[in-house]
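Shown next, in structure tokens, is the structure this report addresses.
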Amino acid sequence: MTYFISGGAKNGKSKLAQELAVALGGKRYYVATMISTGKEDDERIRRHIADREGLGFETVECFRNIMDCLGTADKDGVFLVDSVTALIQNSLFPMEKNYEMDLEAAHRCADALVSFAGIVQHGIFVSDYIYADAERYSESTEMYRKCLADIDRRLAQACDTVIEVSAGQAIIHKGELL
Amino acid sequence: MVLIIGGAYQGKLDYARAAFRLCDEDIFTCTGGEIDFSRRCIHRIEEFVFSCPDALGYFKAHREEWEDSILICRDIFCGVVPMGEENRAWRRDTGRLCQYLAGEAAQVSRIFCGLEQRSK
């Protein structure tokens with residue numbers, strides 16, 4: 001089963017994704033995607049690790065090409081990718097290039113995610129819904145939103161189930177919960 | 001009339017093209033305060049609202065011209081209240097117009113990540 005989960009911030013997307021991963025059974029991998037940029041990120045990562053404690057996840061760090069996970073992990077396992085947003089951000093604004101926009105890298109990252117969704121037995125992809133406000137953003141922020149939306153739509157098409165999470169509740173747009 | 005709403009880049013126009021078999025000539029993309037209602041599909045209504053001092057009045061005055069249209073508007077309603085007065089008015093007027101249009105519509109569809117959710 002493959003799932004695409006999106007919704008607003010702090011609505012319970014990660015929690016639902018973890019519950020689904022546990023329910024699917026078998027070997028579980030948590031694909032950690034966030035590159036820490038300081039104390040605040042370190043604290044967030046620490047909190048996420050504490051949240052997952054006891055759920056039996058093996059953490060695989062992957063910051064760019066999701067296919068790299070398959071070097072060490074078993075493709076028949078359950079992969080929780082949290083989040084698509086961080087992966088695209090890492091590629092589109094690479095830290096080592098002083099965060100200068102790299103559109104081609106973002107496209108490569110998106111292609112890899114779609115391929116990955118087609119290869120693994122079970123995958124859960126968590127993204128962020130950042131598309132419904134009345135703000136006029138800078139060109140680079142608009143490009144970021146567009147790149148993320150493009151991959152969201154491709155993953156929504158590729159995955160068996162598409163869920164929007166709102167206040168902890170699952171709104172199912174496609175497929176079945178389990 | 002069919003109203004299609006959804007956040008930025010969610011595939012609203014792609015949905016309309018496929019569901020109603022639209023070609024490029026059928027689509028009017030709003031860039032200012034006037035709309036060509038002779039086209040079947042009016043896209044980016046939020047941009048029309050941005051440029052029109054009385055968007056709701058304009059739509060009411062042209063009621064008969066869009067009765068069978070496909071109207072597409074971006075959801076700009078879920079963020080923090082905008083700091084700028086212009087954007088606050090834009091959000092308010094777009095929201096009021098969408099509520100009116102949704103009331104008049106035979107079908108209201110919300111597009112989420114390319115998928116349609118029918119709310120009316």
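In table form, for the structure just shown:
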| quantity | calculated |
| --- | --- |
| Sequence-distant aspartates and glutamates (8 or more away, or on other chains) whose Cα lies within less than 19 Å of residue A:10 | A:19, A:40, A:41, A:42, A:43, A:51, A:82, A:128, A:133, A:152, A:164 |
| Prolate/oblate/rounded call for segment A:2-168, Cα gyration tensor, a/c under 1.5 rounded | rounded |
| Nearby lysines by direct alpha-carbon distance to residue A:75 (threshold 21 angstrom, same-chain neighbours under 8 apart not counted) | A:27 |
| Linear extension gain, residue A:172 paired with residue A:119, 0.36 nm per residue minus alpha-carbon span | 16.8 nm |
| Span-like helix ranges in chain A, DSSP H, alpha carbon extent 27 angstrom or more, Kyte mean at least -1.0 | A:139-158 |
| Cα gyration tensor category, rounded, prolate or oblate, for segment B:2-118 with a/c compared to 1.5 | oblate |
| Threshold 20 Å² - residues in segment B:80-115 whose accessible area is reduced by that much or more when the chain is no longer isolated, probe 1.4 Å | B:82, B:87, B:90, B:110, B:112, B:113, B:115 |
| Helix-only mean residue ellipticity at 222 nm for the protein assembly as shown, each DSSP H run of n ≥ 4 adding -39500 (n - 2.57), per residue, nearest 500 | -12000 deg cm²/dmol |
| Pairs beyond 21 Å (Cα-Cα), from A:13/B:12; B:12/B:120; A:174/B:12 | A:13/B:12 |
| With every protein chain in place, chain B: carbon and sulfur % of accessible area (1.4 Å) | 47 |
| Accessible area buried at the B-A interface, both sides summed, 1.4 Å probe (Å², nearest 100) | 1900 |
| Per-residue SASA entry for residue A:72, accessible area with 1.4 Å probe, Å² rounded to 10 | 120 |
| Calculated FRET value between residue A:135 and residue A:74, using beta carbons and R₀ = 35 Å, to 0.05 | 0.25 |
| Backbone N under 12 Å from the residue A:64 label point (7 Å along Cα→Cβ), restricted to segment A:92-114 | A:92-97, A:105-106, A:108-109 |
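The values are calculated or read from the model by the stated rules, or taken from the named source; none is laboratory data. No experiment lies behind these values; they were computed from the predicted model shown. Cβ: placed from backbone, ideal geometry, glycine included. Neighbour counts: every protein chain shown. Note: areas computed on protein heavy atoms with side chains; ligands, DNA, RNA excluded. Shrake-Rupley method; radii C 1.70, N 1.55, O 1.52, S 1.80 Å.
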